[in-house]
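Read through the structure below, which is laid out as structure tokens, and then see the notes.
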Amino acid sequence: MKTKSINRRNFLKSTAAAGIGLTILPSGILSGANAPSNKLNVAMIGTWGRADAHFDAISKENVVALCDVDEEHIAHAKERFPRAKTYIDWRKCLDQKGLDAVLCCTPDHNHALIANWSLNRDLHCYMEKPLAHTVEEARIVREHFLRKRHKLATQVGTQRHAKPNFERVRELVKDGAIGELTDAYAWGNRQIRRPGYPPAAGKPPKNLHYDLWIGETKFHPYNPDYFKGGMGMNCLSWNMYWDYGTGQVGDMGSHTIDLVWNAIDGGLPTSAEGEGQEYNPEVTPVELHTAFDIPANDWRGPIRVHWYQGGMMPRSPKGYVDLNKIGHGAMFKGTRGYIICDYDSRIILPFGDNADMTYYDKRPKDEIIPPLGHFQEEWTRACKTGRKTHCDFEYGGNAIEMMLLGLVAYRVGEKIEYDSKRGVTNNAKANELLRRDLRPGWTMNG
């Protein structure tokens, strides 16, 4: 099977060869990209847990603002960045003069607001996954970014994307190692079960500004269970609740569907359907299977994309291949075989009497997609040079919009037809679930 050349490969070659000229940062700095003075003035919103993974990379820039609803978390980051101003309310932080960029590691439910407010201020933005809490929010942030993509650099924190295996899988799919692509599957096996929101229990400690932690979402009384978990794992105490997160769809689902999304050059789905455990209005499902119809593009026909979690799994192509041994993985089905992979490895399973792989046109070494490099630093370089990042708000926004649409289909219990501009066209209730109401005093467009 012959396929067209990889646009991303051509893009990366052209940008690598291009000279780096002068660039104007939002704060008005004018300098060569390699000049010592050309450092970004960065605000870190969320300064503990996942934020620690960014400390080394972002310390090469000027961290001038730290914001967290927990004053102990601010003190933790202040040890690393002692000159930064501090805030407990991210809305005030974003109005600090002289900012160039924002790095956000807050709870999921306010990601889209912080992203959109940052774009409103012409600030580059790195947003931890998921980019949005609802389909509508994903659309707003993506469309806002697209209007400013020539002057702002963005990145969604699916850092596993930097693993070389992502591009090796993409090459196999695009180059026809399994014939013509027909289906793609991704799954994750994490299972965290909760009966519902924990009841009120005590009062927040003095260092925690609980009302700001709630932010724009519905108020639920304080319970220390929301804040259990060690460094980097606290999200597993709250992200399964509908008002705070999207469960595994937005958590590991963001990482694992990225294996698929990177390989298929996917557009937005035209339909979605979902099945799983009985719907709980307080807690996102553990067992879930969602499926989407993805339109054809310039190198493949229309395909079906599937997401499985909580023990629900696609059927293995062969009995001797146990997909359950892959905790978070993906599979691609073609007319002549399968590719099965995780983040770091892949196998090709030819299928059928004609799957002799003579049709597979292996690319030469000089056309192998180059390594991405350091994921966070790709973003900081893009802020200074205008280069495109791999996981910008268009790429990441499209992927999470699809995944969130699957949750909507699951909630209404039937297949929904979707138009990316008009919304759900065959189910009024599903159309309402594309959005959420914000608490008074909070807005997407501040």
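Among the residues of the range 116-164, count how many are within 13 Å of the chain's Cα centre (by Cα) and without any contact (Cβ under 8 Å) to a residue 24 or more places away in the chain.
0
Restricting to the range 274-284, what's the tally of residues that are in contact with a Phe, Trp or Tyr (Cβ under 8 Å, 6 or more places away or on another chain) and either within 23 Å of residue 417 (Cα to Cα) or surrounded by fewer than 18 Cβ atoms within 10 Å (Cβ to Cβ) (or both)?
Within the range 274-284, residues that are in contact with a Phe, Trp or Tyr (Cβ under 8 Å, 6 or more places away or on another chain) and either within 23 Å of residue 417 (Cα to Cα) or surrounded by fewer than 18 Cβ atoms within 10 Å (Cβ to Cβ) (or both) number 7.
In the list 167, 180, which residue meets the criterion of being in contact (Cβ under 8 Å) with a residue 40 or more places away in the chain, surrounded by fewer than 18 Cβ atoms within 10 Å (Cβ to Cβ), out of contact with any helix residue (DSSP H, G or I) (no Cβ under 7 Å at 6 or more places or on another chain) and farther than 30 Å from residue 121 by Cβ?
180
Would you mind finding the one in 68, 100 that is without any contact (Cβ under 8 Å) to a residue 40 or more places away in the chain, more than 15 Å from residue 446 (Cβ to Cβ) and crowded, with 22+ Cβ neighbours inside 10 Å?
None of the others qualify; the one that does is 68.
Residue-wise test of (1) of a type in the set (A, V, I, L, M); (2) farther than 27 Å from residue 218 by Cα; (3) at pLDDT below 95; (4) in contact with a strand residue (DSSP E or B) (Cβ under 8 Å, 6 or more places away or on another chain).
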{"residue": "118", "(1), (2), (3), (4)": "no, no, no, yes"}
{"residue": "125", "(1), (2), (3), (4)": "no, no, no, yes"}
{"residue": "148", "(1), (2), (3), (4)": "no, yes, no, no"}
{"residue": "151", "(1), (2), (3), (4)": "no, yes, no, no"}
{"residue": "156", "(1), (2), (3), (4)": "yes, no, no, yes"}
{"residue": "162", "(1), (2), (3), (4)": "yes, yes, no, no"}
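Please go through (1) over 22 Å from residue 254 (Cα atoms); (2) buried (at least 23 other Cβ atoms within 10 Å of the Cβ) for residue 92 and return the number of the only condition it doesn't satisfy.
(2)
When residue 304 is evaluated against the numbered criteria (1) touching a strand residue (DSSP E or B) at 6+ places or on another chain (Cβ under 7 Å); (2) in a loop (DSSP other than H, G, I, E, B); (3) surrounded by fewer than 19 Cβ atoms within 10 Å (Cβ to Cβ), which criterion, by number, is the only one it fails?
Among (1) touching a strand residue (DSSP E or B) at 6+ places or on another chain (Cβ under 7 Å); (2) in a loop (DSSP other than H, G, I, E, B); (3) surrounded by fewer than 19 Cβ atoms within 10 Å (Cβ to Cβ), the lone unmet condition for residue 304 is (2).
Quickly run through the range 139-164 and pick out the residues that are surrounded by fewer than 22 Cβ atoms within 10 Å (Cβ to Cβ) and among the hydrophobic types (A, V, I, L, M, F, W, C).
Those that are surrounded by fewer than 22 Cβ atoms within 10 Å (Cβ to Cβ) and among the hydrophobic types (A, V, I, L, M, F, W, C): 140, 146, 162.
Six or more apart or on different chains, Cβ atoms under 9 Å: show the pairs whose first residue is in the range 362-375 and farther than 12 Å from residue 162 by Cβ and whose second is surrounded by fewer than 10 Cβ atoms within 10 Å (Cβ to Cβ) and of a type in the set (Lys, Arg).
No pair meets every condition.
Only one residue in 353, 437, 344 is under 30 Å from residue 243 (Cβ atoms), in a loop (DSSP other than H, G, I, E, B) and out of contact with any strand residue (DSSP E or B) (no Cβ under 8 Å at 6 or more places or on another chain), so which one is that?
The match here is 437.
The values are calculated or read from the model by the stated rules, or taken from the named source; none is laboratory data. Remember, predicted model here, so these are calculated numbers, not experimental data. Counting neighbours? That spans all protein chains shown, and the Cβs are built from the backbone with ideal geometry, glycine included.
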